[in-house]
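The values are calculated or read from the model by the stated rules, or taken from the named source; none is laboratory data. The structure displayed is predicted, hence computed values, not measured ones. Cβ sites come from the backbone with ideal geometry, for glycine too, and all protein chains shown count toward neighbours.
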Amino acid sequence: MRDKIAEIVKEIIQEPVKTPEELELFRIKYLGSKNTIKELFSELKNVSNESKKEVGQLLNGLKNQAQERFDVMKIKLENSSSEDLKIDTSRPGDQIENGSRHPLSLVRSEIIGIFDRIGFVVSEGPEIEDDWHNFSALNFPPEHPARDMQDTFFIEKGENEMALRTHTSSVQVRVMESEKPPIRTISPGRVYRNEAISARSHCFFHQIEGLYIDKDVSFADLKQTLLYFAQEMFGEKAQIRLRPSYFPFTEPSAEVDVSCTLCKSKGCNVCKYTGWLEILGCGMVDPNVLELSNIDSKTHSGFAFGMGVERIAQLKYRVNDLRLYSENDIRFLKQFTPGI
Ligand code: PHE
């Protein structure tokens, strides 16, 4: 009996099971309803009483061994058949569609390119800001409404106040603190305001803000820089006009309009029949802001401006619902594939 068992152990190890047919033969021979091991079990009654236990254990081991080899070979065969499929070179390839740049990313790059040509370098900063960089260093009085819960998403109130930045002017404070003038930088980035989401407003949007600080920087430099930007962005016939405005960090401050390129200033529903479109805010950096960042306001002056990327994209692509930019609808995004 022991010899027979040893023989079958050898067989189980050596039996060829390289194809599904061979595997099936193996199954019938060692695991099927009338298999070889079962036959041996039926012979157990002829074994002497003192050897019964040992032989019984050997037979059980044999049964497990056959089952194990069967399981292993089955998995191997299944894998190798999918392996074969993988290298079926006759199968047609999958169609991979080209993606397209997001319209905001296209406009952002274009704006960066325009300012890069006149020496502005890109600077970036954190989206979660402290009160100092987002407000205090920019001359916001403590009771200023922009600090109010209505506009700002606060993360932590109190002594270590932290909030989602409401503009990228915070990045400019960081640049003024860490670099010496002349400073010529633009800060693109995402900003957050606690506003209800609608076609015309969103709780986050994108800005590009610019800052230039040197000796003898004048309002004329600001105007010329913005005219250059408008003509590069909207065409050489574009004109700008400045209207007085107020920002805590600039004095004087202005709102800038560009002549409506859609109707050539004749008046249309996009420019609300005024011939002008509002595109950005700007002004001369308030001397207080320079001093708060340790820049001598007696020897240095500067200008700053800030624009919304969505607003510029809206004018360029005539997208008049802000929500479309963040819904990831492929039908919308596809339209910005280069060459279409
Ligand atoms: N930071 C202002 C805003 O978010 C824009 C601005 C920047 C205005 C620089 C003037 C100068 O609305």
Qualifying strands (runs of 3 or more DSSP E) (wholly inside segment 149-241; at least 3 residues being over 28 Å from the mean Cα position of the chain (by Cα)): 204-214
If you check Leu242 against the conditions, is it within 14 Å of the ligand (Cβ to nearest atom), surrounded by fewer than 20 Cβ atoms within 10 Å (Cβ to Cβ), modelled with pLDDT of 95 or more and within 21 Å of Asp286 (Cβ to Cβ)? yes
Listed by first then second residue, the pairs whose first member lies in segment 181-195 and is within 13 Å of Leu164 (Cα to Cα) and modelled with pLDDT of 95 or more, whose partner is aromatic (Phe, Trp, Tyr) and more than 11 Å from the ligand (Cβ to nearest atom), with beta carbons under 7 Å and at least 6 positions apart or on separate chains, are Arg190/Phe204; Val191/Phe204; Tyr192/Phe153; Tyr192/Phe204
From the residues in segment 94-136 that are among the small types (Gly, Ala, Ser) and either at pLDDT 95 or above or within 25 Å of Ser326 (Cβ to Cβ) (or both), which one is surrounded by the most Cβ atoms within 10 Å (Cβ to Cβ)? Ser123
Extreme residue, farthest from the ligand (Cβ to nearest atom), among residues of segment 245-261 that are touching a residue at least 40 places away in the same chain (Cβ under 8 Å) and surrounded by fewer than 20 Cβ atoms within 10 Å (Cβ to Cβ): Thr261
